Amino acid sequence: MDKSTYLRIYESVNDPKNIDELAIKFNEPTGVIAAILNQKMVSKVKRKMHGLQSKSRNYLYLWNKGMSIIVLAKNNEVPATLMASVIIKELGYSKKYVMKHLDSLKNRRLAREITEAINEDHFFSPEAHRAQSVRGQMGEKIIEKWLAYKELEYITEEDLREMGMQKTPDFLLDEPIYIDGVEIQWIESKAMFGDEKEHAHYVKKQFQYYERDYGTGMVIYWYGHIDGLELEGNIIRDHKFYRDHSPEINMEIETLLNLSI
């Protein structure tokens, strides 16, 4: 995706209700628009976290006065479950305990409002995290089927961890393959859109270590990436790389790309 189109989508998408409309406008799968919105919200929240935590006593005061968690979240433009976490902490509860015992929590108002916050939050709720995990697993399953289709042997991230490796790509090939003249030793699956900020983060956190330990490889950003994104000596691809190998793979790619928030 060219950067100007990405920036137009990034500026336009602010709510899950906009996703279908923008998907049509920009001729992109709904999952691509949803991925960009999710990353926009995560970035926004990171900028607000310090202020949110520094004013936590103020929020508890307002909550004790009767203002709901959802209203507090909307007034401060943060996801509802994060505001719920602030209130939980200020009340002296363990978040892990509260989330597991909502049905039996003595403070019924708190339990009710946390439930409302979870249902309201499309980005940081337990359900949102589960949905992202499902997308990640789907991307890896498609690569597994592609590797089987190509009759390529590999070991997994779990296998590498059992060997004591600290930095582990999703797939390490038994024998390298060559793509556009580049030797590919490993493949990493990312169920996200590859913008410059996220890419730089993962280069620092993961990709540089994969190259150091295993050689050159390939990163797949399933929901696309900004044109010109680079990983020197390695390859970056998106869903199009895995298309047209088998009808089953194509169908699974379509399912993944059309998952929304």
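The values are calculated or read from the model by the stated rules, or taken from the named source; none is laboratory data. Everything numeric here is computed off the predicted structure, so don't read it as measured data. Every residue, glycine among them, receives a Cβ derived from its backbone with ideal geometry; neighbour counts consider all protein chains shown. Just so you know, the surface numbers come from the protein's heavy atoms only, side chains and all, with ligands and any DNA or RNA stripped out. Shrake-Rupley method; radii C 1.70, N 1.55, O 1.52, S 1.80 Å.
A cut-off of 5 Å between modelled amide H atoms, ignoring neighbours fewer than 5 places along the same chain, links His245 with Asn250.
Residue ranges 255-261, 229-235 sort as 255-261, 229-235 when ordered by packing (mean number of other C-beta atoms within 10 Å per residue, highest first). By the combined test of axial Cα extent (at least 30 Å) and Kyte-Doolittle hydropathy (mean at least -1.0), the qualifying DSSP H helices of the chain come to 30-54, 126-149.
What accessible area per residue comes out for the stretch 82-239, rounded to a whole number of Å², with a 1.4 Å probe?
Solvent-accessible surface per residue comes out at 54 Å².
Rg over Rh for the stretch 1-131 works out to 1.04, both radii taken from alpha-carbon positions and Rh defined as the Kirkwood radius. Carbon-plus-sulfur accessible fraction, the chain (probe radius 1.4 Å, protein heavy atoms only): 49%. In whole percents, the pair-distance distribution calculated for the stretch 1-72 from its alpha-carbon pairs, binned every 10 Å from zero, is 17, 36, 23, 19, 5. Taken along its principal axes, the alpha carbon cloud of the stretch 159-261 reaches lengths of 36, 30, 30 Å, longest axis first. Just need the relative contact order of the stretch 136-261 here, percent rounded to a whole number, with Cα pairs under 8 Å and 6+ apart. Relative contact order comes out at 24 percent. Mean projected area of the Cα convex hull of the stretch 58-152, taken over all directions, amounts to 7.9 nm².
Going from the alpha-carbon gyration tensor of the stretch 203-261, what semi-axes, largest first and in whole Å, does one get by taking the root of 5 times each eigenvalue?
The equivalent ellipsoid of the stretch 203-261 has semi-axes of 25, 13, 11 Å.
With an 8 Å Cα cut-off and a minimum separation of 6 or more residues, compute the relative contact order for the chain in percent. RCO, the chain: 19 percent.
Considering only alpha-carbon pairs that sit under 8 angstrom and 6 or more positions apart, the relative contact order computed for the stretch 63-111 is 20 percent. Extension gain for Lys17 to Lys141 (0.36 nm times residue separation, less C-alpha to C-alpha distance): 41.7 nm.
DSSP beta bridges confined to the chain are antiparallel in about 45 percent of cases. Largest first, the extents of the alpha carbon coordinates of the stretch 73-125 on the three principal axes equal 29, 20, 18 Å. Put the Cα centre of the stretch 192-261 next to the Cα centre of the stretch 5-53 and the gap is 19 Å.
Taking packing as the residue-averaged number of other Cβ atoms within 10 angstrom, the listed peptides 15-21, 72-78 run from highest to lowest as 72-78, 15-21.
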